[in-house]
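A.B. asks: Sharing a structure, written as C-alpha cells. Questions coming.
Just so you know, all these numbers are worked out from the coordinates, no wet-lab data involved. Treat the numbers as computed from the prediction; the structure is a model and nothing was measured. Here Cβ is always computed from backbone atoms with ideal geometry, including for glycine, and neighbour counts include all displayed protein chains.
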Amino acid sequence: MLGQILVSGITAGAVYALVALGFVVLHRGTRIVHFGLGDQLTLSAYLVVIGQVYLDLPFAAAVALSLLLSAGFGVLVERAIMRPLRASPLLVMVIATLAIGAAIREGLRASMGPLPWPIPFLLTPAPFTLGGLVLVPANLAVVGVAAVVVLALFLALRFTRFGRAIVAVYENPTGAAIVGISVPAVHARLWGLASVLAAIAGIMVAPLITLSPDMGSIGIKGFAAAVLGGFNSLPGAIAGGVLLGVVETAAGVYISSAMKDVVSYALLIGCVLLLPHGLFGRAEARKV
Amino acid sequence: MLKRRELAAGVATIALLGSGRRASAEDMTGVMPSSIKVGVLGSLTGVQAVFGQGNLSGAQIAFDEANAAGGIHGRRIEIVSIDDESTPARSIAGFRRLVDDEKVFAVFGPSASSIAQAMEPVLRAASAVPVLGSIYSSPAASEPFKHNVFRTGPLQDRLQGIAIADFVLETLKSTKVALVSQSDEYGRRGGASLTERMKEKGHQLVAAEVFNLTDTDFTAQLLRVRAAEPELLVIYGFPAPAATITRQARQLGLTAKILGSNATANRTYPATVGPAAAGVMNVISLAALPEGDDPRMQAYVQKFSARFPDLARQNRPDLGDCLGYNGAVVFVEGLKRAGAALSREGFIRALESLKDFETGIGLPTTFGPQRREGNLAARVLEFQPDLTRKLTSFMLHSAG
C-alpha cells in the first residue's frame, strides 16, 4: 500500500510541481503571483482540442500550435495588462490576475461548453504491474516530461543568453538594467515562459484529470506547492509539488478522504508558520 | 344551537377564506393580453453551468416552438433569464428580482441541486409563485411538500439513492458495495439515501469515500475502496470528477462493476474516460439517447442544432439540454391546460392534472394535488466496448 501511495503521490505531485514552476519562474522575476495560471493550463489544453476538432490538425501539430499561442498569450497579458499596471499596488495586480483567470474560465465555458472534452493521452492509460505496484504509462509520462522540462529549464537559465538575462533580473533588476538588459523585455519573456510551462502541464494533465472549464482549479495546488518550496526556489517548487502529492494521498488513505485537503493545507499553514521561506527558500536581505 | 354572533363569525370566516382563495385564483401577475412573462433562473456560468445552460436552451426551444405555433391561447411567452453564477446568494437575489421587479408569472429553474437547497426558504415564502425545476435532483426544495414547487426530469436524489440500492441488491445481486460521493448537496443527499437503504436491507457499505467537485486526483479514495474489495462501486457525482474516478479506479486495478448516478450520463463521458469505460453503467432519466435514432429525440436534436449551431459543435444537446427541454415542454403543457383565463393557481391546477405526460425526451411526468415529483423512475445505460452508449432494459423505480 505504501509503495502505491508513493507512486500515486509522486505522479500527482509531478503535476503540482509543473504548475508550481510556472508560479515561481514568474514570481522571481516580476514579483507577481499569477492566480490565473491554473486557468491558463485549461486554455492551452483547449487550444489542442480546438486545433484537432476545428482545424483538423494532427495531435502533434495541435500541441505545437497550442504551445506557440500560449507563449503569445503570456506575452500579450504582460504587454496589455500587467505592464500598464506595474506601478499599481500589489492588490490591484492580484485582482488583475484573478480576472484573467475568470475571463479564461468563463470564456471557455461559453465557447467550448460546460461539459468535459475528450483529449488524447500522450501514452496509454492502460496500467501495468511492476513489483506489485500498478503503474500507468500516461502518468509516468507526466513524471518524465516534468523531469525533462525541469532539466531544460535549468540548462536554459544557466547556458543561454535568454536564460542569463532572466537570472540577472532575478538577482538584481536594477543591476541588470544598468548593464543593458531590458527588464520589461525580460518580464515579457517570463510571462511567455511561465505560460509555456503552464501549457505543457495543461496538455499533459488534461486527459488524466478530465478537461473541463474548471480544470484550472489545480492551480491552487500548484500555488500551495510553490509556497511549500519557498516560492522563489525552482528546486523547491519541484520538492513542494512532490511532497504535497504524497502527503495528500497518504492523508486520504490513512486518515480519511474527507480530511485529505484539511491535512494538506494544515501542512501548508504549518510550513508558512515554522519555515516562512519554505523548504528551499532563502531569506532575502533587503537594504533600507 | 349556535348563537347569532358565532354564526356571523363563522360566515365571515368562510367568506374571508373564500375571498382569499378567489384572490389567489385570480392572481394573474405576469399575464398580459398578448404575452406571459416567465422567469428562467439557472447557472449559466460557474461550476454548476454543466447543467444550467441546458435549463435555458431547453426553455428557449420549447417556448419558441409554442410562440411559433401562435402562442398559448394567443399569448406569446416572454423569457426573462437570470444567471445565478452557480452561487446560492445570486440565485436568491435573482429569484427576488424575477418575482418582485420583473413580476414574472412563474419561474422555470433553478438548475443545480446545491442552489435549490439554499433557495428552499425563499421558495417556501413565495408560495403564490409557481416554480418548476427541470434538472436539479435534490429533494431539498420540494420536500416537505410545497404547493408551488414542482420538479420534473431526473429521479430526485433521496429516491434515486433508494432506487440504486434496490437495483444493486435485487437486480445486480451485489452486496459488497462501495460508494464514492461528491461532498456537495448532490452527492451527499444521494449517497446518504443509498447508505440508509442498504442498511435497511441489512447491508453495510464496504467503503464510503467523498471528494470535492473540483478535485483532480482520487487515488486516496480509490486505494481505500480497493482495500475493501467491493463487487460494485457507485459513483455519485458530476461528469468531470466521475470520469476521472472511473479511469483511475481501473488503473489502480479495481475490478468492481461501476455504476454512476444520473449526473454522469453525459455524451462525452465514455470518450473522456477512455477504454476503462467499457462495461460501466450509469443511471439516466431520458426516454432515449440524443445520439440514438429515436424519431422524437432526433426531431429535438435537429431543432437544437438548427437553433444553436455553435452549441451543437460541443457535442450537444446533452443531458442538461434534454432535461431542460423536457421540463419546458411540461411547463408549456401546463399553460395550455390552464386555459385562456390564465392565473397562477389555474396553472398549478393544470400541472396537477398531468398524468404520464410524455415528451419523448425525458421520462413521463405525473403530478397531482399532493404530488410535486414529476418522475419517479430512471433508466440504466451501459458503455459498450466501442465506447458507445446503450440503454439497457433495466428500469429503476422509486420505492421511497
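A.B. asks: Mean 1/r over all different Cα pairs, inverted: what Kirkwood radius does the range A:197-288 give, in Å?
C.D. replies: After inverting the pairwise mean of 1/r, the radius is 14.2 Å.
A.B. asks: Now for a different question. Averaged across the residues of A:204-214, what count of C-beta atoms belonging to other chains lies within 10 Å of each residue's C-beta?
C.D. replies: Partner Cβ neighbours, averaged per residue: 6.
A.B. asks: If the viscosity is 1.306 mPa s and the temperature 10 °C, what translational diffusion coefficient in µm²/s does Stokes-Einstein give for the range A:17-215 when Rh comes from Kirkwood over Cα pairs?
C.D. replies: The Stokes-Einstein estimate is 90 µm²/s.
A.B. asks: I need A:54, A:170 ordered by Cβ neighbour count within 10 Å, fewest first.
C.D. replies: Starting with the residue having the fewest Cβ neighbours, the order is A:54, A:170.
A.B. asks: Further question: Among B:142, B:305, B:261, whose mean-square fluctuation peaks in a Gaussian network model of chain B (Cα, cutoff 10 Å)?
C.D. replies: Between B:142, B:305, B:261, it is B:305 that shows the largest mean-square fluctuation.
A.B. asks: Which whole-Hz ³J(HN,Hα) couplings does the range A:140-155 yield from phi under the Karplus relation 6.51 cos²θ - 1.76 cosθ + 1.60, θ = phi - 60°, glycine and proline marked x?
C.D. replies: Couplings: 4, 4, 5, 5, x, 5, 4, 5, 5, 4, 4, 4, 4, 5, 4, 5 Hz.
A.B. asks: Averaging sequence separations of C-alpha pairs under 8 Å and six or more residues apart, then dividing by the length of the range A:17-215, give the relative contact order as a whole percent.
C.D. replies: 41
A.B. asks: Per residue of A:126-137, how many C-beta atoms from partner chains lie within 10 Å of its own C-beta, taken as a mean?
C.D. replies: Partner-chain Cβ atoms within 10 Å, mean over residues of A:126-137: 2.
A.B. asks: With bins 5 Å wide starting at 0, give me the P(r) of the range B:61-160 over every alpha carbon pair, in whole percents.
C.D. replies: Per 5 Å bin, starting at 0, the Cα pair percentages come out as 3, 13, 22, 23, 18, 12, 7, 2, 0.
A.B. asks: Express the relative contact order of chain B as a whole percentage, based on alpha carbon pairs under 8 Å and six or more residues apart in sequence.
C.D. replies: Answer for chain B is 18 percent.
A.B. asks: Once the principal axes of the Cα atoms of the range A:128-168 are found, what is the range along each, listed largest first in whole angstroms?
C.D. replies: Dimensions of the range A:128-168 along the principal axes of its Cα atoms: 47, 15, 11 Å.
A.B. asks: Please report the base-10 log of the normalised intensity I(q)/I(0) for the range B:262-400, using a Debye sum with one equal scatterer per alpha carbon and no solvent, at each q in 0.09, 0.14, 0.20 (1/Å).
C.D. replies: Log10 I(q)/I(0), no solvent term: -0.32, -0.72, -1.19.
A.B. asks: Also, I was wondering about something else. Kindly write out, for the range B:239-247 in residue order, the coupling ³J(HN,Hα) from the Karplus curve 6.51 cos²θ - 1.76 cosθ + 1.60 (θ = phi - 60°), rounded to whole Hz, with x marking Gly and Pro.
C.D. replies: Ordered by residue, 3J(HN,Hα) equals x, 5, x, 5, 5, 5, 4, 4, 5 Hz.
A.B. asks: If amide H atoms are built 1.01 Å from N in the plane of the peptide, which residues on other chains or at least 5 residues away come under 5 Å of the amide H of residue B:284?
C.D. replies: Under 5 Å from the amide H of residue B:284: B:379, B:380, B:381.
A.B. asks: Using alpha carbons only, how many degrees (0 to 90, rounded to 10) separate the axis of helix B:295-307 from the longest principal axis of chain B?
C.D. replies: 80
A.B. asks: So what are the three principal axis dimensions of the range A:126-268 from its Cα atoms, in whole Å, longest to shortest?
C.D. replies: In descending order, the Cα extents are 56, 33, 33 Å.
A.B. asks: Taking a temperature of 37 °C and a viscosity of 0.692 mPa s, what whole-number D in µm²/s does Stokes-Einstein yield for the range A:149-226 with Rh from Kirkwood over alpha carbon pairs?
C.D. replies: So the translational diffusion coefficient is about 230 µm²/s.
A.B. asks: Starting from the amide H of residue B:181, placed 1.01 Å from N in the peptide plane, find each other amide H under 5 Å away whose residue is 5 or more places distant or on another chain.
C.D. replies: For residue B:181, the qualifying residues are B:209, B:210, B:211, B:236.
A.B. asks: Would you pull out the residues with amide H under 5 Å of residue B:27's amide H, same chain only if 5 or more places away, H placed 1.01 Å from N?
C.D. replies: B:344, B:345
A.B. asks: Right, something else. Over the residues of the range B:28-100, compute the C-alpha Rg and express it relative to 2.2 N^0.38 Å.
C.D. replies: Expressed relative to 2.2 N^0.38 Å, the Cα Rg reads 1.19.
A.B. asks: For every other residue with a beta carbon closer than 10 angstrom to the beta carbon of residue A:251, add +1 if it is Lys or Arg and -1 if Asp or Glu, then tell me the sum.
C.D. replies: Net charge around residue A:251: -1.
A.B. asks: Tell me the mean residue ellipticity at 222 nm calculated for chain B from its helices only (DSSP H runs of n ≥ 4, each -39500 (n - 2.57), averaged over every residue, nearest 500).
C.D. replies: -13000 deg cm²/dmol
A.B. asks: Here's another thing I want to ask about it. Once you have a ≥ b ≥ c as the square roots of the Cα gyration tensor eigenvalues for the range B:66-121, tell me rounded if a/c is under 1.5, and otherwise prolate or oblate according to whether a/b is larger than b/c.
C.D. replies: Taking the square roots of the gyration eigenvalues as a ≥ b ≥ c, the range B:66-121 is prolate.
A.B. asks: Another question, if that's okay. Divide the volume of the convex hull of the Cα atoms of chain B by its number of residues and quote the answer in cubic angstrom per residue.
C.D. replies: With only Cα atoms used, chain B gives 153 Å³ per residue.
A.B. asks: Follow-up. Please report B:398, B:193 as a ranked list, fewest other C-beta atoms within 10 angstrom at the top and most at the bottom.
C.D. replies: So the ranking, lowest neighbour count to highest, is B:398, B:193.
A.B. asks: Can you work out the Karplus-derived ³J(HN,Hα) for every residue in the range B:72-85? Use 6.51 cos²θ - 1.76 cosθ + 1.60 with θ = phi - 60°, whole Hz, and x for glycine or proline.
C.D. replies: 9, 6, x, 9, 7, 8, 9, 8, 10, 9, 10, 8, 8, 6
A.B. asks: Which entries in A:260/B:176; A:221/B:199; B:37/B:355; B:201/B:355; A:260/B:257; A:221/B:176 show an alpha-carbon gap greater than 29 Å?
C.D. replies: Table pairs above 29 Å Cα-Cα are A:221/B:199; B:201/B:355; A:221/B:176.
A.B. asks: Roughly how large, in nm² to one decimal, is the mean projection of the convex hull of the alpha-carbon atoms in the range B:321-400?
C.D. replies: Mean projected area for the range B:321-400: 6.6 nm², to one decimal.
A.B. asks: Averaged over its residues, how many other protein chain Cβ atoms are within 10 Å of peptide B:101-108's Cβ atoms?
C.D. replies: 0
A.B. asks: What fraction of the Cα pairs in the range B:185-270, stated in percent, has a spacing above 21 angstrom?
C.D. replies: Everything past 21 Å amounts to 25 percent.
A.B. asks: Between 0 and 90 degrees, rounded to the nearest ten: what's the tilt of helix B:319-338 against the longest Cα principal axis of chain B?
C.D. replies: 20
A.B. asks: Got a sec? How would B:365, A:97 order by Cβ neighbour count within 10 Å, fewest to most?
C.D. replies: Neighbour counts put them in this order, fewest first: A:97, B:365.
A.B. asks: At a temperature of 20 °C and a viscosity of 1.002 mPa s, determine how fast the protein assembly as shown diffuses translationally according to Stokes-Einstein, using the Kirkwood radius over alpha-carbon pairs as Rh; express D in µm²/s, rounded to the nearest whole number.
C.D. replies: Taking Rh from Cα pairs, D becomes 80 µm²/s.
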